[in-house]
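The values are calculated or read from the model by the stated rules, or taken from the named source; none is laboratory data. Keep in mind that what you see is a predicted model, and the values were worked out from it rather than measured. Methodologically, a virtual Cβ is constructed for each residue, glycine included, from the backbone with ideal geometry; neighbour enumeration extends over all protein chains shown. Quick note on the areas: whole protein, heavy atoms, side chains included, nothing else; ligands and nucleic acids left out. Shrake-Rupley method; radii C 1.70, N 1.55, O 1.52, S 1.80 Å.
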Amino acid sequence: MKEQLSDIRAQALAALEAAPDSAQLEQLRVRYLGKKGELTNLLKQMGQLPPDQRPAMGQLANEVRAALEAALERRAQALEQQALEQRLAAEAVDVTIPGKPPRLGHRHPMSIALGEIEQVFVGMGFTVLDGPEIELAQLNFDRLNAEEGHPSRDWSDTFYFDTDSRVMLRSQTSPMQVRAMDSMPLPIRIIAPGRVYRKDEVDATHSPMFHQVEGMVIDKGVTMADLKGTLNTVVEQLYGAGTRTRFRPHHFPFTEPSCEMDVQCHKCAGAGCPTCKGEGWIELLGAGMVHPRVLEMAGIDPQVYSGWAFGIGLERTAMRRFKIADLRLIFENDVRFLEQF
Ligand code: DAH
């Protein structure tokens, strides 16, 4: 039995040492140390030995078992290490191979145009406000001095949610003037860009959804000169130093006096051409001095405070900035179009 044990030991150690992978190592474990393995079988015959030989043989058998288990463990570790090294070699990254450049998107022409406007106003100390597109008619109209019967309140012009015309898609960003006055301490200097909605048919210059940027200043001693000075500065920043503007009288319910501001046509420098339809000037925005009643309705004393406001159409600004002939291109999101900016 002693011989058998040392045979098994020699054989098994050699085999374990040479096992080429973990699957075969496992087979060897079963073959020698498993329930029906060679060593186990031999131990079962221990009972047939004379009693005086059993302790020595038992000890030897335990030593053999321990040696095999240790060899098994060692080989398993070696194989694992080998496998790891193989994997590291196989998966090695060649850092010298040029990378694939990620396909970067870019900003939409409308975002670029808005960003430029925001930058100019923020630079002058204005705060940018965001507000709801679903608005109360009270803020979109009443609080802006556009009373019942005002043409823009008509069902044919405005999207209402209810039959008594209380909740609507805002038709202008001007209700943000009211929201600013209701929520901010004086003095106020804000712009408020956002979507507005009107029942217009889609064509090259109209869309039922478009964007405006509202602006408002309220402080003590604010005059029309501040309005003109600020807007002229903005225009020079956007269109270049020396760009000329003109102000024409107009009417808006929430400003008095009201005006529209034109910029001199960049194509013909005022001579008249197809771009400005022969006018020499291009209409840019509506503006005016905040109506005393609008201030009063917001709880601001028009004897103490005064203000000016403006509203500018963003699509038109972007179309002029990027020479886009058809408004629909802005919303169709055709990548071939958008990639040009
Ligand atoms: N809300 C006006 C419109 O949609 C634009 C406008 C005109 C806004 C004059 C103003 C303003 O703040 O003072 O046509």
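So here's what we get for this one:
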| item | result |
| --- | --- |
| Sole exception among (1) within 36 Å of the chain's Cα centre (by Cα); (2) under 16 Å from residue 247 (Cα atoms); (3) aliphatic (A, V, I, L, M) for residue 289, by number | (1) |
| Within region 275-285, considering residues that are modelled with pLDDT of 85 or more and of a type outside the set (A, V, I, L, M), the one nearest to the ligand (Cβ to nearest atom) | 283 |
| Region 120-134 residues that are of a type in the set (A, V, I, L, M, F, W, C), paired with ones that are open to solvent by 60 Å² or more (accessible area, probe 1.4 Å) (beta carbon under 6 Å, 6 or more apart) | 120/237; 126/189 |
| Selected residue (criterion: farthest from the ligand (Cβ to nearest atom)) from residues of region 252-262 that are among the acidic types (Asp, Glu) and within 36 Å of the chain's Cα centre (by Cα) | 262 |
| In region 32-41, the residues that are loosely packed, with under 15 Cβ neighbours inside 10 Å and assigned to a helix (DSSP H, G or I) | 40, 41 |
| Region 226-255 residues that are more than 20 Å from residue 119 (Cβ to Cβ), paired with ones that are among the hydroxyl-bearing types (Ser, Thr, Tyr) and within 16 Å of the ligand (Cβ to nearest atom) (beta carbon under 7 Å, 6 or more apart) | 250/258; 251/258; 252/258; 254/174 |
| Complete set of residues in region 212-225 that are within 13 Å of the ligand (Cβ to nearest atom) and in a helix (DSSP H, G or I) | 224 |
| Failed criterion for residue 222 (all others in (1) open to solvent by less than 60 Å² (accessible area, probe 1.4 Å); (2) within 30 Å of the chain's Cα centre (by Cα); (3) closer than 30 Å to residue 303 by Cα hold) | (2) |
| Total residues in region 307-331, condition within 13 Å of the ligand (Cβ to nearest atom) and either free of Cβ contacts under 8 Å to residues at least 24 places away in the same chain or of a type outside the set (Val, Ile, Thr) (or both) | 9 |
| Residues satisfying the stated conditions in region 86-134, i.e. part of a helix (DSSP H, G or I) and either open to solvent by 100 Å² or more (accessible area, probe 1.4 Å) or aromatic (Phe, Trp, Tyr) (or both) | 86, 87, 88, 119, 121 |
| Single condition residue 205 does not satisfy, out of (1) at pLDDT 95 or above; (2) within 31 Å of the chain's Cα centre (by Cα); (3) within 16 Å of the ligand (Cβ to nearest atom) | (1) |
| Residue within region 332-341 that is within 16 Å of the ligand (Cβ to nearest atom) and either part of a loop (DSSP other than H, G, I, E, B) or out of contact with any strand residue (DSSP E or B) (no Cβ under 8 Å at 6 or more places or on another chain) (or both) present | no |
| Scan of region 135-168 for residues that are within 13 Å of the ligand (Cβ to nearest atom) and in a strand (DSSP E or B), ordered by number | 135 |
| Pick from region 169-185, criterion among the small types (Gly, Ala, Ser) and within 19 Å of residue 118 (Cβ to Cβ), ranking: farthest from the ligand (Cβ to nearest atom) | 180 |
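A quick yes/no check of all residues on (1) of a type outside the set (S, T, N, Q); (2) surrounded by 15 or more Cβ atoms within 10 Å (Cβ to Cβ):
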residue: 238; (1), (2): yes, yes
residue: 260; (1), (2): yes, yes
residue: 268; (1), (2): yes, yes
residue: 271; (1), (2): yes, no
residue: 292; (1), (2): yes, yes
residue: 300; (1), (2): yes, yes
residue: 304; (1), (2): yes, no
residue: 309; (1), (2): yes, yes
residue: 317; (1), (2): no, yes
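For every residue, the table says whether it meets (1) within 11 Å of the ligand (Cβ to nearest atom); (2) hydrophobic (A, V, I, L, M, F, W, C); (3) surrounded by fewer than 15 Cβ atoms within 10 Å (Cβ to Cβ).
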| residue | (1), (2), (3) |
| --- | --- |
| 187 | no, no, yes |
| 210 | yes, yes, no |
| 230 | no, no, no |
| 233 | no, no, yes |
| 241 | no, yes, yes |
| 250 | yes, no, no |
| 264 | no, no, no |
| 287 | yes, yes, no |
